[in-house]
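The values are calculated or read from the model by the stated rules, or taken from the named source; none is laboratory data. In this text the structure is predicted, and so the values were computed from the model without any measurement. Heads up, the Cβs are rebuilt from the backbone with ideal geometry, glycines too, and the neighbour counts pull from every protein chain shown. Surface areas here come from the heavy atoms of the whole protein model, side chains and all, with no ligands, DNA or RNA. Shrake-Rupley method; radii C 1.70, N 1.55, O 1.52, S 1.80 Å.
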Amino acid sequence: MTEKTKTATKPEKMEEPDVNRSMCPSRLVLEHVTSRWGVLVLAALLERSYRFSELRREVGGVSEKMLAQTLQTLERDGFVHRDAKPVIPPRVDYTLTELGREAAEQVWGLARWTERRLDEVFKARRAYDEARTS
């Protein structure tokens, strides 16, 4: 049984979600939203809709394969809408759904906090490393 099959639908009788429970389905959703590429794709789409190639340029360092997988996962989870227009050449635009916008705002806040506190993290790392080598 694949991961997609196991997590495709909500079980008829499901306990309340608790991310601390090892088998809680919310863990997988959390993993999708907070993955390196998930955060960056969601953040980029907060600004506007993007075509695939534009999004790849915006999210520096992501491979075509990883971007395609990330978009497909986020679309499946209901965070991203894929709009394929029947024109030649084909045009596909990606936008956030309402759920996606809510998730993107949450993870983007964490990403911005990380940027603001980076100096303190570097300072803590230096102190930790110095204590270990002394």
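Check Leu96: other-chain or 5+ apart residues with amide H under 5 Å from its amide H, H built from backbone geometry?
When sequence neighbours closer than 5 places are left aside, the close amide H contacts are His81.
Charges only on Cβ, +1 for Lys and Arg, -1 for Asp and Glu: so what's the dipole of the chain about the Cα centre, in debye to the nearest 20?
Working: 24 positive and 22 negative charges, 73 e Å.
Dipole of the chain, to the nearest 20 debye: 360 debye.
Express in Å², to the nearest 10, the accessible area of Arg76 obtained by rolling a 1.4 Å probe over the protein heavy atoms while all chains stay in place.
110 Å²
Take the solvent-accessible surface of the protein heavy atoms, probe 1.4 Å, and return the percent of it on the chain that carbon and sulfur atoms account for. Display every interim value, and only then the final one.
On the way: 5300 of 10160 Å².
Reported share for carbon and sulfur atoms: 52 percent.
If eta is 0.692 mPa s and T is 37 °C, what Stokes-Einstein diffusion coefficient results for region 90-134, Kirkwood Rh from Cα pairs, in µm²/s?
Working: Rh = 13.6 Å.
In µm²/s, the coefficient rounds to 242.
Suppose we look only past 17 Å in the calculated P(r) of the chain. What percent of the Cα-Cα pairs does that tail hold?
Working: 5969 of 8911 pairs.
Tail of P(r) above 17 Å: 67 percent of Cα pairs.
With all protein chains present and a 1.4 Å probe, how do Arg21, Arg125, Arg27, Arg57 order by accessible area, largest first?
Numbers: Arg21 70, Arg125 135, Arg27 100, Arg57 175 Å².
Reading off the accessible areas and sorting them downward yields Arg57, Arg125, Arg27, Arg21.
Between Glu115 and Arg76, what FRET efficiency comes out of the Förster formula 1/(1 + (r/R0)^6) with R0 = 41 Å and r the beta carbon distance, rounded to 0.05?
Values: r = 29 Å, r/R0 = 0.71.
Once rounded, the FRET efficiency stands at 0.90.
Could you pull the accessible area for Tyr50 with a 1.4 Å probe, rounded to 10 Å²?
Near enough 10 Å² of accessible area.
With every protein chain present, what is the per residue accessible area of region 46-89 (1.4 Å probe, Å²)? Mind dumping the intermediate values first?
Details: 2890 Å² over 44 residues.
Value returned for region 46-89: 66 Å² of accessible area per residue.
Just want to confirm a number: the relative contact order over the chain, from Cα pairs under 8 angstrom separated by 6+ residues, in percent.
Rounded, it is 22 percent for the chain.
Cα gyration tensor of region 13-87, axes a ≥ b ≥ c as square roots of the eigenvalues: rounded (a/c below 1.5), prolate (a/b > b/c) or oblate?
Working: a/c = 2.70, a/b = 1.90, b/c = 1.42.
Judged from the Cα gyration tensor, region 13-87 comes out prolate (a/c at least 1.5, a/b above b/c).
Quote to one decimal, in nm, the extra length available between Lys123 and Ser53 on full extension: 0.36 nm per residue of separation minus the C-alpha distance between them. Present the calculation step by step, with values, prior to reporting the outcome.
Numbers: separation 70, 0.36 × 70 = 25.20 nm, distance 3.74 nm.
Roughly 21.5 nm would be gained on extension.
Could you give me the ³J(HN,Hα) list for region 30-36, computed from phi with Karplus coefficients 6.51, -1.76, 1.60 and θ = phi - 60°, whole Hz, x at Gly and Pro?
Residue by residue, region 30-36 yields 4, 4, 5, 6, 9, 5, 3 Hz.
For the full complex of protein chains and a 1.4 angstrom probe, list Lys123, Lys85 by accessible area with the highest value first. Could the numbers behind the result be given before it?
On the way: Lys123 135, Lys85 75 Å².
If we order Lys123, Lys85 from most to least accessible, we get Lys123, Lys85.
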